[in-house]
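Student: The structure under discussion is supplied below as structure tokens; questions concerning it will follow.
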Amino acid sequence: MPKLPTKLVQASLLPLLLLAAVGLNGCATTSTAQPGILVEQPLTPEPQPIPYRTEIAIARINEIVTSPEVTDEQRARLFYDRGVMYDSVGLSALARFDFMRALRLKPDMADAYNFLGIHHTLSGDFESAYEAFDSALELAPDDQYVYLNRAIALQNDDKLELALRDFRQFQQIKPDDPYRSLWLYLAEVESSKEQADKTLTEALPKLDEKQWSRQIAAFYLGKINEQQLLAAASADVTEPKQLAEQLCEVYFYLAKWHTLQHNPTQAIEYYKKTLSTNIYEFVEHRYARLEMAKLRQQVVVQDLHEHAH
């Protein structure tokens, strides 16, 4: 995918099954302003359904994985493939179990360690997350997305300097990718808004103009307003899945922006919209619930502090 590649799937022993794991069916959200008149609401995300092909592919793996003719290495790959499919439809516990099964059979699967690191981050087990990410990098030093995921874990564990090191390394690998600059900005702004603005301003001319997400960076720098950004997210969309993906992203980054503006209520509303798209494999969807929980906790702590005084 041309956005943050959160589906980290290697070539499979069963390409047909992995092919079956892609392709979402969907239709636009509608409302009726007048009787008999269909009115499209492009900025209201419709939850994407679980692809029928993914369900069939999981069922086929269920049949194959227990076959005595399958070698341990093949079985490990099947567990991994099924884990990726579970992950793509939001069945995180089942995905995690399959990644662990895959690693027991084939301990050198870097991608499985990366996925486990993500799941440990989401559950708040940061030490296990670091172990998993470090294992992934030992096995595949060139896997750039491990740096992103480890950086997110470090940031959530309040290890900002270490997080910035990984975010910068991830951004420097492909400086024309708007998403990499956005994640770096969201880390830098925690220590210095002036530095974050400077870094993003310098990066903006280099960002790929073909990617609509460049407009998110422009918004963060005050060059366009919120309504213009929302319009950009739904412009030139050719199919419902693309709309859901772009809304998943724009709502997440708007939520982060409103958090920085101390608008927790609006931020939480945008996180809810991010989650409502059901684009589970996107990094924005993956971490939206964690961000929402952090924000709610901050509001509770702030209220307690204010009442104490």
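Student: Among 88-94, 204-210, how do they line up by average Cβ neighbours within 10 Å per residue, starting with the highest?
Tutor: On the way: 88-94: 16.9, 204-210: 12.7.
Most protected by this proxy first, the peptides run 88-94, 204-210.
Student: How large is log10 of I(q)/I(0) for region 196-309 at q = 0.15, 0.16, 0.21 Å⁻¹ when the intensity is taken from the Debye formula with one equal scatterer per alpha-carbon?
Tutor: Each listed q corresponds, in turn, to -0.71, -0.79, -1.18.
Student: Each label point is 7 Å from the Cα along the Cα-to-Cβ direction; what then is the distance between the points at residue 44 and residue 228, in nm?
Tutor: Using points 7 Å along Cα→Cβ, the separation is 2.8 nm.
Student: What's the magnitude of the charge dipole for region 50-107 around its Cα centre, counting Lys and Arg as +1 and Asp and Glu as -1 at the beta-carbon? Answer in Debye, nearest 20.
Tutor: With Lys and Arg at +1 and Asp and Glu at -1, about 120 debye.
Student: Let me ask another. For residue 221 and residue 123, what does the FRET efficiency come to when R0 = 45 Å and r is the distance between their Cβ atoms, rounded to the nearest 0.05?
Tutor: 0.85
Student: Let me ask another. Could you tally the net charge around residue 292, taking each other residue with its Cβ under 15 Å from the Cβ of residue 292, Lys/Arg +1 and Asp/Glu -1?
Tutor: +4
Student: To the nearest 0.05, how large is the calculated FRET efficiency for residue 193 and residue 131 if R₀ is 45 Å and r is the Cβ-Cβ distance?
Tutor: E(calc), rounded to 0.05, equals 0.85.
Student: Give the order of 165, 214 when sorted by the count of other beta carbons within 10 angstrom, beginning with the fewest.
Tutor: If I rank by nearby Cβ atoms, fewest first, I get 165, 214.
Student: A further question on this structure: Once you list every other residue whose beta carbon is under 12 Å from the beta carbon of residue 70, what net charge do they have if Lys and Arg are +1 and Asp and Glu are -1? Let's see the in-between values first.
Tutor: Working: positive: 75, 77; negative: 63, 69, 72, 73.
After counting each charged neighbour, the total is -2.
Student: Please sort by residue number the GluC sites (Glu not before Pro) in region 61-91 whose DSSP state is loop and whose Cβ has at most 14 other Cβ atoms within 10 Å.
Tutor: Counting only loop positions with at most 14 other Cβ atoms within 10 Å, the GluC sites (Glu not before Pro) in region 61-91 are 69.
Student: So what's the convex hull volume per residue for the Cα atoms of region 101-174, in Å³?
Tutor: In region 101-174, the Cα convex hull volume per residue is 73 Å³.
Student: Taking the Cα centre as origin and putting +1 on Lys and Arg beta-carbons and -1 on Asp and Glu beta-carbons, what dipole magnitude results for region 142-191, to the nearest 20 debye? Let's see the in-between values first.
Tutor: Working: 6 positive and 10 negative charges, 12 e Å.
Its charge dipole is roughly 60 debye.
Student: Moving on to the next point. Subtracting the Cα-Cα distance from 0.36 nm times the residue separation, let me have the gained length for residue 174 to residue 66 in nm, one decimal.
Tutor: 34.7 nm
Student: Could I ask something else about it? Would you work out which of 242, 300, 263 lies farthest towards the positive end of the dipole of region 214-302, given +1 charges on the beta-carbon of Lys and Arg and -1 on that of Asp and Glu, about the Cα centre?
Tutor: Farthest along the dipole direction, towards plus: 300.
Student: Stokes-Einstein at 37 °C, 0.692 mPa s, Kirkwood radius from Cα pairs: D for region 50-107 in µm² s⁻¹?
Tutor: Working: Rh = 11.3 Å.
So the translational diffusion coefficient is about 291 µm²/s.
Student: Nearest 0.05, what FRET efficiency do residue 235 and residue 272 give at R0 = 30 Å with Cβ-Cβ as r?
Tutor: Working: r = 23 Å, r/R0 = 0.78.
Efficiency, from the Cβ-Cβ distance: 0.80.
Student: Same structure again: P(r) tail for region 237-302, what percent of Cα pairs lie past 13 Å?
Tutor: 57
Each reported figure results from applying straightforward, stated rules to the coordinates on display, with no laboratory input. Quantities reported herein were computed from a predicted structural model and do not represent experimental measurements. Note that we place each Cβ from the backbone using ideal geometry, even for glycine, and neighbour counts take in every protein chain shown.
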